[in-house]
Amino acid sequence: MRAIAFSSGGQFLVSSSEDSTLKIWDVMIRECVKTLHRHPGLV
């Protein structure tokens, strides 16, 4: 994991990884709800 950030409302957490993926987590249910692959730049 490279970085994490909470959404302004606190419902979601976004994590970035060395493999250029972003994962969006729902904090309440503790599950990844979306994965974005192959971002062209550093995340």
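We did not get these values from a lab; they are worked out from the coordinates using the rules stated. Quantities reported herein were computed from a predicted structural model and do not represent experimental measurements.
Things to note:
- A simple rule links phi to the HN-Hα coupling: the Karplus curve 6.51 cos²θ - 1.76 cosθ + 1.60 with θ = phi - 60°, which for region 22-36 gives 10, 10, 9, 10, 8, 5, 5, 9, 6, 9, 6, 9, 7, 10, 9 Hz, with x for Gly and Pro.
- Annotation: amide H-H contacts under 5 Å for Arg2 (H modelled 1.01 Å from N, sequence separation of 5 or more, or interchain): Ser16, Ser17, Glu18.
- Theoretical gain in end-to-end length, Phe6 to Ile24 [0.36 nm per residue, Cα-Cα removed]: 5.5 nm
- With N counted as the residues of the chain, its alpha-carbon radius of gyration over 2.2 N^0.38 Å works out to 1.11.
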